[in-house]
Amino acid sequence: MKEVVRSIHEWVEQVKNLLRGKLEALPQRTKLIMVLTMFVLFALCALYTTIAAFYEFGNGSSENMEIEHIRQLDLPYKQDSINLNNIYDYGTEQESYNLSERGES
């Protein structure tokens, strides 16, 4: 297994060095044009996604959406809220990390 990982790592390093060499050989103007082109493509995709989401939202398809309020969970609790030093397990079977019965830590 180590040999497979090592061979994959060596192949990745070779490809990385090859790409780095080819990209460093490009003129500065070409690098700038490539970066600006990628930025414009990303910006166009982001605008398309935003406009499509607003179009779908205003299209009337949201009229069928039902909003339901969050309901309160039924959590088990003990009635002894006066003495806060009492330790309750609440139905779990975990160890209490050797704490004494008086709630000291």
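Here is a yes/no grid of residues against (1) surrounded by 10 or more Cβ atoms within 10 Å (Cβ to Cβ); (2) of a type in the set (Gly, Ala, Ser); (3) modelled with pLDDT of 95 or more; (4) not in a helix (DSSP H, G or I):
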residue: Val4; (1), (2), (3), (4): no, no, no, no
residue: Trp11; (1), (2), (3), (4): yes, no, yes, no
residue: Lys16; (1), (2), (3), (4): yes, no, yes, no
residue: Leu19; (1), (2), (3), (4): yes, no, no, no
residue: Leu26; (1), (2), (3), (4): yes, no, no, yes
residue: Ile33; (1), (2), (3), (4): yes, no, yes, no
residue: Leu36; (1), (2), (3), (4): yes, no, yes, no
residue: Ala43; (1), (2), (3), (4): yes, yes, yes, no
residue: Ala46; (1), (2), (3), (4): yes, yes, yes, no
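What do you reckon, is Ala53 modelled with pLDDT under 95, part of a helix (DSSP H, G or I) and surrounded by 10 or more Cβ atoms within 10 Å (Cβ to Cβ)? Spelling it out, Ala53 is indeed modelled with pLDDT under 95, part of a helix (DSSP H, G or I) and surrounded by 10 or more Cβ atoms within 10 Å (Cβ to Cβ). The set of residues in the stretch 68-80 that are out of contact with any Phe, Trp or Tyr (no Cβ under 7 Å at 6 or more places or on another chain) and modelled with pLDDT of 60 or more comprises Glu68, His69, Ile70, Arg71, Gln72, Leu73, Asp74, Leu75, Tyr77.
The values are calculated or read from the model by the stated rules, or taken from the named source; none is laboratory data. None of the values given here were measured: they were computed from a predicted structure. Note: ideal-geometry Cβ built from the backbone for every residue, glycine included; neighbour counts use all protein chains shown.
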